[in-house]
1. Distance cut-off 32 Å, Cα to Cα: go down the list Lys124/Lys314; Lys272/Lys302; Lys12/Lys437; Lys278/Lys393; Lys238/Lys334 and report the pairs above it.
2. Work out from phi, with θ = phi - 60° and the Karplus expression 6.51 cos²θ - 1.76 cosθ + 1.60, the ³J(HN,Hα) of each residue of segment 299-308, listed in order in whole Hz, and give x for Gly and Pro.
3. Output wanted: per-residue J couplings in Hz (rounded whole) for segment 268-283, from phi through Karplus 6.51 cos²θ - 1.76 cosθ + 1.60, θ = phi - 60°, x for Gly and Pro.
4. List the residues, sorted by chain then number, that are 5 or more residues from Ile205 or on another chain and whose placed amide H is less than 5 Å from its amide H.
5. About its Cα centre, how strong a charge dipole does segment 343-447 have in debye, to the nearest 20, once Lys and Arg get +1 and Asp and Glu get -1 at the Cβ?
6. For segment 394-402, take each phi angle, set θ = phi - 60°, evaluate the Karplus expression 6.51 cos²θ - 1.76 cosθ + 1.60, and give the result in whole Hz per residue in order, putting x for glycine and proline.
7. Only four residue types carry charge here, +1 at the Cβ of Lys and Arg and -1 at the Cβ of Asp and Glu. Report the dipole size of segment 199-438 about the Cα centre in Debye, rounded to the nearest 20.
Amino acid sequence: MDKKDHIEKFVKKALDCELWIEKADELIKVAALLKPHIDQNAWNKKQGKVRLEYYPIYFMLMSYALENLLKALKLKKNSHLKERLRQTRKLPEELKTHNIYSLAKDSGLLSQGDYPDLTEDLLKRMSISATWFSRYPTPVKADDMNSPFYLENADYYGMLRKYGSEDVSEIDKIIASVYAELGKQSPKSERRDKMEQRTVKISKIRITKSDLLSMCENERVFFVQSGDLLNDLNVFNKLLFFCMNRQTADKGAMKTAKDIQTMCLIKILVGKLNEGWKLIEKWYYGTAVSKKYDGLLEQSAKVAVDEIKKYFSKGTNLISEIRNRLAFHYGPKKPEEWRERVQVLIDKMQASQILEVYVSKAHGNCLFPMSNDSVILDILNLTGEPDNEQAWKKLHGDFKKVINWFIDFLDGYHLAWAQKYGCLASDEEEVPAPSIKNVSLPYFTTD
């Protein structure tokens, strides 16, 4: 084979998107062989026996696979790259990079996620894996050993940390979305069957009538009512997660429906959080139950309840504002404020902008994005932020930290209660428990 034949072969292979995809398929299939070890490690971690040697290799292979897929997508979308490759007979700089984040950003995939800062962090760690972390004991330069990287979507610096099992499903989603953009189906993962078999262990605590009567009345009231609050928060918080879990097919009406479901659950949850504070304020602090538990709560629960108190004791806070204006009322109390709210929606519209309403003869499948837009504008205005991006960050930040404070405190309180009254766990049971990142809540349904 002469030099001309080598050149023609190189150009032909380099331009063939299918070959880039096939290489990704091969890497993913090999990485799948390590997945049982990743799953086992997730269990071992709970037992305090962690083996990390499989993680770097697994994520290196998945990083290379994603890199190949993104380069295939780049070739598919950019004809000028193909022309340049034909002329220069070498890979363009855009195809020589290991910077997976920049490849994903150029493809437009980052804008499809709910929390692009989280995706950015993962992709930048994968870029480091592809460059050195999973291949060599050190980088080329000492400065890169523990160098922070800037997260554009979060405006802070991330750090290379070891991977965990929680990253696996996120990478699977990202890779599946790139396959979908390429019009392909990702290789079947051997891990899916294992994920469906995941379980968690729960222990039953038996509470007798004498246990309840041994408490003073105020403590008894808070104990029972706080359990009801924790049930509500756990259920609605999980439903919210399920709504925010996007599938690659979630576009158009499907994506819009999930956005509306998410906003509905946020409104319900802010109401629960606001009422939850009233419960804590009246029955935990107001009856001095708190004094009985100050020395019994774990540090994380102490910090959480202190933060709850500080947040709701402020003159105004976003959770209470949303609750009072939107959570349980379909508009402000005064009619003129209702008219103003609708007028704001109209004023924000561009002349050529079209609002959407979906109708269906199938029961329960109509959808009103236009009305949801009005709610969103109201919430963004309540944040006091100058632009929508900052407003969403404010809303997400407040909501996430407050609900985590409540769950941390209530979990800690009930654990302290069980220890105080000697109610020990018994009758351990193992129940099916799929990963929260792999459960999605549909909107459109049939009979």
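Where a number appears in this text, it was derived from the coordinates with a stated rule and is not lab data. Given the structure is predicted, the values throughout are model-derived calculations rather than measurements. In this analysis, Cβ positions are derived from the backbone assuming ideal geometry, glycine residues included, and neighbour counts consider all displayed protein chains.
1. Values: Lys124/Lys314 38 Å; Lys272/Lys302 21 Å; Lys12/Lys437 40 Å; Lys278/Lys393 26 Å; Lys238/Lys334 35 Å.
The pairs that break the limit, which is 32 Å between Cα atoms, are Lys124/Lys314; Lys12/Lys437; Lys238/Lys334.
2. 4, 4, 6, 4, 4, 4, 6, 4, 5, 4
3. Working through the residues one at a time gives 5, 5, 5, x, 5, 5, 5, 5, x, 5, 4, 4, 5, 4, 7, 9 Hz.
4. Residues meeting the amide H criterion: Ser426.
5. Working: 8 positive and 15 negative charges, 46 e Å.
Using only the charged Cβ atoms, the result is roughly 220 debye.
6. 5, 4, 4, x, 4, 4, 5, 5, 5
7. Working: 34 positive and 31 negative charges, 32 e Å.
Charge dipole, segment 199-438, about its Cα centre: 160 debye, nearest 20.
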